[in-house]
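Here is the structure we will look at, set down as structure tokens.
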Amino acid sequence: QVQLVESGGGLVQAGGSLRLSCAASGRTISGYAMGWFRQAPGKEREFVAAISWSGSSTYNADSLQGRFTISRDNAKNTVYLQMNSLKPEDTAVYYCAADRNRYYRGSLVMDYWGKGTLVTVSS
């Protein structure tokens, strides 16, 4: 079993940056693909970014226009999401998730989920 805990969320002004972290415990995630997802109030959960087990492949939502970058440190059992040029529409709860496959399968079906961290972007 894998436990995922997100941190780094908070209130930021439009144009600012935040770095989210996702710390895993219970077992190593070095063989798992990892992803970030978000859910805004009144909206469905959506894909943000994903990374393969080694970090060699990354996947990003086209709508983000390259503003967010996912990375991982397998030695620390941690995944990150660097968010730049934040916009009010980025306001959401951000979730970290793990896929027991080595490569992201392109869906919202993940094996383990964190409880999320709230990001609020003010205009």
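The values are calculated or read from the model by the stated rules, or taken from the named source; none is laboratory data. Nothing here was measured: the structure is a model prediction, and the numbers come from that model. Using ideal geometry, Cβ is built from the backbone for each residue, glycine included, and neighbour counts are taken over all protein chains shown. Just so you know, the surface numbers come from the protein's heavy atoms only, side chains and all, with ligands and any DNA or RNA stripped out. Shrake-Rupley method; radii C 1.70, N 1.55, O 1.52, S 1.80 Å.
Considering only the range 4-14, I want to know if a residue exists there that is among the acidic types (D, E) and in a strand (DSSP E or B). Checked the range 4-14: at least one residue is among the acidic types (D, E) and in a strand (DSSP E or B).
Residue by residue, here is whether (1) aliphatic (A, V, I, L, M); (2) surrounded by fewer than 16 Cβ atoms within 10 Å (Cβ to Cβ); (3) under 15 Å from the mean Cα position of the chain (by Cα) holds:
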position	(1), (2), (3)
F68	no, no, yes
S71	no, yes, yes
P88	no, yes, no
V93	yes, no, yes
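What number of residues in the range 39-52 are of a type outside the set (D, E), assigned to a strand (DSSP E or B) and surrounded by fewer than 18 Cβ atoms within 10 Å (Cβ to Cβ)? Of the residues in the range 39-52, 1 are of a type outside the set (D, E), assigned to a strand (DSSP E or B) and surrounded by fewer than 18 Cβ atoms within 10 Å (Cβ to Cβ).
Matching residues to (1) under 25 Å from S30 (Cα atoms); (2) touching a Ser or Thr at 6+ places or on another chain (Cβ under 6 Å):
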| site | (1), (2) |
| --- | --- |
| S56 | yes, no |
| Y59 | yes, no |
| S71 | yes, no |
| Q82 | yes, yes |
| A97 | yes, no |
| L108 | yes, no |
| W113 | yes, no |
| V119 | no, no |
| S122 | no, no |
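Is it the case, given these coordinates, that L11 is loosely packed, with under 14 Cβ neighbours inside 10 Å and among the aliphatic types (A, V, I, L, M)? Criteria met by L11.
Any residue at all in the range 74-81 that is within 15 Å of W36 (Cα to Cα), open to solvent by 40 Å² or more (accessible area, probe 1.4 Å) and at pLDDT 95 or above? No, that holds for no residue. Applying the criterion of being open to solvent by 20 Å² or more (accessible area, probe 1.4 Å) and part of a loop (DSSP other than H, G, I, E, B) to the residues of the range 17-31, the residue that is farthest from N74 (Cα to Cα) is S17.
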